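First up is the structure itself, then whatever we jot down about it.
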Amino acid sequence: MVTYSNGITCCSPPPSSRHRLGYVSTSESRQDSGFRTIAVLGVGRVGSAVARTALAAGYEVRVAGSGAAEDIALLAEIVIPGARPMTVVDAVRDADLVVVAVPLSKYRSVDASALAGKVVIDAMNYWPPIDGQIPDFENDIASTSEVVRRHLSEARVVKTLNHIGYHELEDDAAPSGTTGRRALAVASDDEAAAADVRVVLDRFGFDSLYAGPLAAGRAFEPGTVIFNGSFPRDELLRELELHPHPTH
Amino acid sequence: MELGAYSFGDTQLNPDGSLRSTAEAVKNLFDAIVHADSTGLDYFAVGEHHTLEMPASSPGAMIAAAAGATKQIRLGSGVSVISTDDPVRIFQQFATADAVSGGRVEITAGRGSSVESYPLFGYNLRDYEQLFEEKLELLMRVNEHEQVTWSGTTRAALKDLTVVPRPVNGSLPLWVGTGGSAPSSVRAGRLGLPISYGILGGAPHRFSALSDLYRRTAQQAGHTGPNIKVSVAALGLVAPTKDEALERFYPGWRNMHTQMGKLRGWPAPDDNAYLAQAHAPGAYYVGDPDDVAQRIVQLHGHMGHVRHFLQMDIGGLPQEHFLESLELLATEVKPRVERLLAIEG
């Protein structure tokens, strides 16, 4: 465990990747990632809730479905008031952060070239009892976000927001410093991207912990204690330490 | 406001917790529908699930049986998983039951909340979206037309073929069932079909944005009139007192969540979550007649729904509690709801 001078604690990684933690930034001392614009891909339950949360946090928000902007214009107006409906390409063009919240079975339909160089949150989950088996994930020992990252090969993929219910995202948000504030885990091979995302999560209303590289995202995939629960930062830290998922 | 119930069948438990027979569950469900009819309940929907705990796999067969044994209750599916069935056959089954019942049968088409029916009937989840879209379109067509011409990619084409019997009232009420994704509301609105929201958790009034979206989409698409309407399906149980309702519903709720949790990787049931959901503004309509009536009317203020129906029999709820709840819903909750709606104008 690493405790910074500002009282921020970060978890230990599994032993095999402990060295990586040496690079954990003191991201939470940063007040601003400079992010102003968030594009949310997917307007289902998760995408809508993320977009509303981002709007409430003061971001400029673009939303995109699978088709033309006018297809989701009324949806955006009523369900995500304040968000600008766009095509995927337009929505991500000058977005600082992209949240991918499409059904995981459609992840290959996300335009990888449009996301090149972008910080991208993978909020998707592989959940066979609900969505059925998907060979890409069934036949791979990698964490799901690693598989996604192979497709979004030039994006700076960050796994988070997958382990909070879409209605909890709006219900559980709390100002920074609130006692018992809910914390979310963040995994990425790109630590700078993870740090930027943690600033965004703070504005969304959540504490966060850097859990390690994308492979460590297994610790909060469906079926895990973290996925199923709701934890303030100290308890999330304990869960991450109790349930290390070794990298491979 | 119509009140009703829906069920996936609820296999009873032995004292040691093991499951009793699925045949008994089906007979219990049939008895419950007949009882609901005799107490004056407005609506009963059946299935479809394909599990040992919830064996109401064939809504059409159950509704046909109930059609012949009931006098006034409206009967429907909740939902028919049309993606993995043949819309022509579904329509024929429901139209047959409709004829037997004298025009009391409806269909609610949905994708279902689980995927057991895909391997069971030989469909591929890869085709999830297309199966639903095409089959819904075909179901709409056979519902409206006696002679049907249709082609698509998910089944053989139909060229000017006759589909009978025809419904007593010209066509069957055909609803779209959804768990609350905004694109599903858009779809139903564009098609001009009534929509049924399954509200299984969270704060039900949040669904008002979706019902607004549905209505506005329908309006934009030029669909107006009585077919543009909303119903709400939720968990619930009525008992003489709130405490009795909470106590009666809890064991089954816990069993269901434990069992589904194993399957779906959910956490252990949380008693605090149960209590929170079972009180306003939660999503479980578990209470005495006053409480349940008040909360239904509160939601009506947000969503303007025309029908509210409850899934009561879960996790081995004793049959007598199920029957009493159906009766209380019809005889005690219904008049209260009508009175409250009249007061609120």
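The values are calculated or read from the model by the stated rules, or taken from the named source; none is laboratory data. Here the structure is a predicted model, which means the values were calculated and not measured. Ideal geometry is used to build each Cβ from the backbone, glycine not excepted, and the neighbour counts take in all protein chains shown. Heavy atoms of the whole protein, side chains included, go into the accessibility calculation; ligands, DNA and RNA do not. Shrake-Rupley method; radii C 1.70, N 1.55, O 1.52, S 1.80 Å.
What net charge do the residues around residue B:8 carry, taking every other residue with its C-beta under 11 Å from that of residue B:8, with Lys and Arg at +1 and Asp and Glu at -1?
-4
Need one value for A:68-77: mean number of C-beta atoms belonging to other chains within 10 Å of its residues' C-beta atoms.
3
What number, in percent, do you get for the relative contact order of chain B if the mean sequence gap of Cα pairs under 8 Å and at least 6 apart is divided by its residue count?
19 percent
Using only the Cα atoms of the protein assembly as shown, what semi-axes does the equivalent ellipsoid have when each is the square root of 5 times a gyration tensor eigenvalue? Give whole Å, largest first.
Result for the protein assembly as shown: semi-axes of 42, 27, 23 Å.
Apply 1/(1 + (r/R0)^6) to the Cβ-Cβ distance of residue A:172 and residue B:149, taking R0 = 45 Å, and write down the FRET efficiency to the nearest 0.05.
Once rounded, the FRET efficiency stands at 0.30.
Rounded to the nearest 10 degrees, what's the angle between the helix B:182-191 long axis and the longest principal axis of chain B, both from Cα atoms, 0 to 90?
That helix lies at roughly 50 degrees to the long axis.
Carbon and sulfur atoms: what percent of the 1.4 Å accessible area of the range A:137-179 do they account for?
About 45 percent, which is the carbon plus sulfur part of the accessible surface.
In percent, how large is the relative contact order of chain A, given Cα pairs closer than 8 Å and 6 or more residues apart?
21 percent
Could you pull out every residue, at least 5 positions away or on a different chain, whose amide H is within less than 5 Å of the one on residue B:8? Hs are placed 1.01 Å off N in the peptide plane, and Pro or chain starts have none.
B:47
Give the distance, in whole Å, between the Cα centre of the range B:1-78 and the Cα centre of the range B:198-226.
First find each Cα centre; the distance between them is then 28 Å.
Which FRET efficiency value, to the nearest 0.05, do you get for residue B:137 and residue A:140 by plugging their Cβ-Cβ distance into 1/(1 + (r/R0)^6) with R0 = 30 Å?
So the FRET efficiency works out to roughly 0.25.
For chain B, what does the helix formula give at 222 nm: sum of -39500 (n - 2.57) over DSSP H segments with n ≥ 4, over the residue count, nearest 500 deg cm²/dmol?
-14000 deg cm²/dmol
May I ask for the angle, rounded to the nearest 10°, between helix B:289-303 and the longest principal axis of chain B, with both axes built from Cα atoms and the value confined to 0 to 90°?
40 degrees
If packing is taken as the average number of other Cβ atoms within 10 Å across a peptide's residues, how do A:177-186, B:51-60 rank, most packed first?
Descending packing order for the listed peptides: B:51-60, A:177-186.
If one takes the longest principal axis of the Cα atoms in chain A, at what angle in degrees, from 0 to 90 and to the nearest 10, does the Cα axis of helix A:45-56 lie?
Long axis of A:45-56 versus the principal axis of chain A: about 80 degrees.
Rounded to a whole number, what is D in µm²/s for the range B:272-315 from Stokes-Einstein with the Kirkwood radius over alpha-carbon pairs (10 °C, 1.306 mPa s)?
In µm²/s, the coefficient is 143.
For the range B:184-285, with every protein chain kept in place, what is the accessible area per residue (1.4 Å probe, Å²)?
Accessible area per residue, the range B:184-285: 41 Å².
In whole Å, what are the extents of chain B along the principal axes defined by its C-alpha atoms, from largest to smallest?
58, 49, 39
Give the relative contact order (percent, whole number) for the range B:144-237; include only Cα pairs under 8 Å separated by 6+ residues.
Relative contact order for the range B:144-237 comes out at 25 percent.
Would you tally the net charge around residue B:233, using a Cβ to Cβ cut-off of less than 15 Å, leaving residue B:233 out, and scoring K and R as +1, D and E as -1?
The answer is 0.
Calculated FRET efficiency, residue B:27 and residue B:271, Cβ-Cβ r, R0 51 Å, to nearest 0.05?
0.95
If we sort B:31-40, A:191-200, A:40-49 on the protection proxy, mean other Cβ atoms within 10 Å, highest first, what's the order?
For the peptides B:31-40, A:191-200, A:40-49, the packing ranking is A:40-49, A:191-200, B:31-40.
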